Every structure is written in structure tokens, then in C-alpha cells.
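Novice: Handing you a structure now.
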Amino acid sequence: MTKLSVNLNKIALLRNSRALGIPSVTRAAVTALNSGAHGITVHPRPDERHIRATDVKDLAELMRRYPDAELNIEGNPFENALDLVRSLRPHQFTLVPDDPAAYTSDHGWDLARDASRLRPLIAEVKALGVRVSLFMDADADMKAAASVGADRVELYTEPYAQAYGTAQESQVLARYAAAARAAAQAGLGVNAGHDLNQRNLPAFLSAVPGVLEVSIGHALISDALDDGLAQTVRNYLAAIGRAA
């Protein structure tokens with residue numbers, strides 16, 4: 001079954017709005033993991049507007065209590081993320097080409113432009129024993145992703161989320177299915193994330209073959225305001241199960 005990694009950025013964003021230390025990022029991680037989540041994702045940015053470096057260190061320590069779960073650090077390797085990966089050695093590093101000032105990630109890597117810069121960094125990360133995933137658009141060249149040394153790609157799914165429930169949904173899904181097949185043929189594992197939610201997730205996973213992991217934050221934390229974090233994690237696992 002596709003694994004669920006819970007992105008805790010929005011918990012940290014709320015915490016940072018007051019100097020009270022609540023809600024706790026590590027407590028949210030414990031709740032998610034105890035409710036069945038397979039991992040935790042964080043995307044620290046240089047300005048620490050949500051996840052802070054200290055949060056990532058605390059989570060890395062926490063994950064020692066959950067040997068079957070994985071810590072996934074997302075971020076731009078040319079900004080602050082690589083230093084954390086070097087020191088903490090998470091299970092997975094998802095390289096994302098976002099500008100430090102970007103509101104959120106909104107595109108995948110342009111490997112025709114960035115491959116030569118990425119290749120030595122990917123080799124370094126893999127030498128640390130960390131799995132490497134590249135954030136990629138569905139129409140990207142998956143052979144190029146394999147050629148720079150990536151283990152997986154994370155398909156950027158906002159275009160699917162925007163098409164969900166419209167006349168374009170099946171056409172967009174076909175594009176993602178083709179991307180997943182191309183990635184598998186290139187020897188890459190497939191992750192997915194960005195604007196997935198418990199309503200659009202079953203259709204995506206039913207149509208797109210071999211998705212190993214979905215990373216979900218904004219929608220999941222928003223749903224938790226209604227149903228509670230523990231129940232929401234179980235709801236998302238049920239959505240994954242409906243696809244399986």
C-alpha cells in the first residue's frame with residue numbers, strides 16, 4: 001500500500017504566530033505516527049517561517065522511537081536544507097527547486113539546466129545513506145532524473161488537484177500515469193505530493209501505478225481542525241486503502 005507521510009509545516013506555522021510554543025510540532029508527529037502514518041515530512045526554509053532547524057533536529061531524535069517510520073526532509077539543496085541532511089541523515093531527502101521567497105513549491109526541476117549542479121550533491125547525499133527524491137513535473141524527462149543519480153521522483157500534483165472533478169481530470173490523470181510508468185522504466189521509485197487530499201487521493205492512486213509514498217500537509221492539517229489529527233490520519237489511510 002502507498003505510504004502516508006504527514007507534512008507538519010502548517011503546525012509549525014501556527015506555532016510561530018505566538019511565542020508560546022504551541023501547538024507542538026513533535027507532539028503532532030507523535031499523534032500522526034501513533035495513528036498509523038508511515039512517516040513525517042518537513043520543508044524547512046531559510047527564513048524559518050514555519051519549520052525551524054531545531055524542529056528538524058527534535059524530529060530526527062523522535063524518530064528513533066519509531067524505527068519503522070521515515071523522516072523526509074524537503075528543500076532546496078542550494079539553500080539551507082543540505083546542511084540539515086548532512087548533520088541528521090534522514091531516511092529521505094526530497095530536493096525541491098523553490099526560491100527562498102516562494103509562498104509554496106510550484107514547479108519541478110529543470111534538469112536540462114540544473115543537472116550538472118545537482119549530480120555531485122546527489123552523490124554526496126547518497127553516500128550518507130540517504131535516499132534521494134527529486135520534485136518533478138509530470139511531463140519531465142524521467143531518464144534525466146535517473147541519470148543524475150536520484151532514487152525516486154516526487155510528482156508535483158497541483159495540476160491534478162486543479163483538474164480534479166472537471167472535464168480535464170481523466171486527461172491529466174493519464175499524463176501522471178504515463179509519468180509514473182516512465183519513472184519505473186528508468187529505474188526510479190515514485191512519490192507524489194502537493195494539494196492532494198482525502199477526496200482526490202483515491203482516484204489519483206487508482207490511476208497512477210506504483211506510487212510508493214504521498215506527502216500531504218496543508219489539506220490534512222486543515223481537515224484535522226474538524227476531525228482531530230488522529231482521526232484525520234486514519235481517514236487519509238482509509239482513502240489510500242480505497243485506491244488499493
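The values are calculated or read from the model by the stated rules, or taken from the named source; none is laboratory data. Keep in mind the model is a prediction, meaning the values are calculated, not measured. Cβ coordinates were reconstructed from backbone atoms using ideal geometry, including for glycine residues, and neighbour counts include every protein chain displayed.
Novice: List the residue pairs whose Cβ atoms are under 9 Å apart, where the first residue sits in the range 228-244 and is assigned to a loop (DSSP other than H, G, I, E, B) and at pLDDT 95 or above, the second is buried (at least 20 other Cβ atoms within 10 Å of the Cβ) and of a type in the set (A, V, I, L, M, F, W, C), and the two are 6 or more positions apart or on different chains.
Specialist: No pair meets every condition.
Novice: Which residue out of 217, 193, 210 is surrounded by fewer than 18 Cβ atoms within 10 Å (Cβ to Cβ) and at pLDDT 95 or above?
Specialist: It is 210.
Novice: Among the residues of the range 72-91, are any in contact (Cβ under 8 Å) with a residue 60 or more places away in the chain, out of contact with any His (no Cβ under 9 Å at 6 or more places or on another chain) and crowded, with 16+ Cβ neighbours inside 10 Å? So that I can check it myself, show each step before the final result.
Specialist: Residues of the range 72-91 that are in contact (Cβ under 8 Å) with a residue 60 or more places away in the chain, as a first pass: 72, 74.
Retained after the next criterion (residues that are out of contact with any His (no Cβ under 9 Å at 6 or more places or on another chain)): none.
There is no residue in the range 72-91 that is in contact (Cβ under 8 Å) with a residue 60 or more places away in the chain, out of contact with any His (no Cβ under 9 Å at 6 or more places or on another chain) and crowded, with 16+ Cβ neighbours inside 10 Å.
Novice: What residue, of 179, 183, 150, 140, is more than 24 Å from residue 31 (Cα to Cα), of a type outside the set (Val, Ile, Thr), crowded, with 18+ Cβ neighbours inside 10 Å and at pLDDT below 95? Full working, then the answer.
Specialist: Details: 179 fails: at pLDDT below 95; 183 fails: at pLDDT below 95; 150 fails: at pLDDT below 95.
Selected residue: 140, the only one of 179, 183, 150, 140 that is more than 24 Å from residue 31 (Cα to Cα), of a type outside the set (Val, Ile, Thr), crowded, with 18+ Cβ neighbours inside 10 Å and at pLDDT below 95.
Novice: Look at residue 112 and say whether it is modelled with pLDDT under 95 and touching a helix residue (DSSP H, G or I) at 6+ places or on another chain (Cβ under 8 Å). Before the answer, list the steps.
Specialist: Working: modelled with pLDDT under 95: yes; touching a helix residue (DSSP H, G or I) at 6+ places or on another chain (Cβ under 8 Å): yes.
For residue 112, the condition - modelled with pLDDT under 95 and touching a helix residue (DSSP H, G or I) at 6+ places or on another chain (Cβ under 8 Å) - is met.
Novice: Related question: Kindly provide the set of residues from the range 37-51 that are acidic (Asp, Glu) and closer than 27 Å to residue 231 by Cα, ordered by number. Working first, answer last.
Specialist: Of all residues in the range 37-51, those acidic (Asp, Glu) come to 47-48.
Listed by number, the list is empty, since nothing qualifies.
Novice: So is residue 133 among the hydroxyl-bearing types (Ser, Thr, Tyr), closer than 30 Å to residue 82 by Cα and touching a Lys or Arg at 6+ places or on another chain (Cβ under 8 Å) or not? Walk me through how you get there before you give the answer.
Specialist: Working: among the hydroxyl-bearing types (Ser, Thr, Tyr): yes; closer than 30 Å to residue 82 by Cα: yes; touching a Lys or Arg at 6+ places or on another chain (Cβ under 8 Å): yes.
The answer is yes for residue 133.
Rundown of residues vs (1) among the charged types (D, E, K, R); (2) farther than 19 Å from residue 218 by Cβ, yes/no style:
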position: 46; (1), (2): no, yes
position: 50; (1), (2): no, no
position: 55; (1), (2): yes, no
position: 60; (1), (2): no, yes
position: 63; (1), (2): no, yes
position: 68; (1), (2): yes, yes
position: 80; (1), (2): no, yes
position: 85; (1), (2): no, yes
position: 88; (1), (2): no, yes
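Novice: Search the range 156-208 for residues being assigned to a strand (DSSP E or B) and out of contact with any helix residue (DSSP H, G or I) (no Cβ under 6 Å at 6 or more places or on another chain), and hand back the single one that is farthest from residue 233 (Cα to Cα). Steps first, answer last, please.
Specialist: Taking the range 156-208 and keeping what is assigned to a strand (DSSP E or B), we get 156, 189-193.
In the following step, the residues that additionally are out of contact with any helix residue (DSSP H, G or I) (no Cβ under 6 Å at 6 or more places or on another chain) were identified as 156, 189, 191-193.
Details: 156: 21, 189: 24, 191: 18, 192: 17, 193: 16 Å.
Result: 189.
Table: residues versus (1) under 15 Å from the mean Cα position of the chain (by Cα); (2) on the phi > 0 side of the Ramachandran plot.
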site	(1), (2)
8	yes, no
21	no, yes
51	yes, no
61	no, no
75	yes, yes
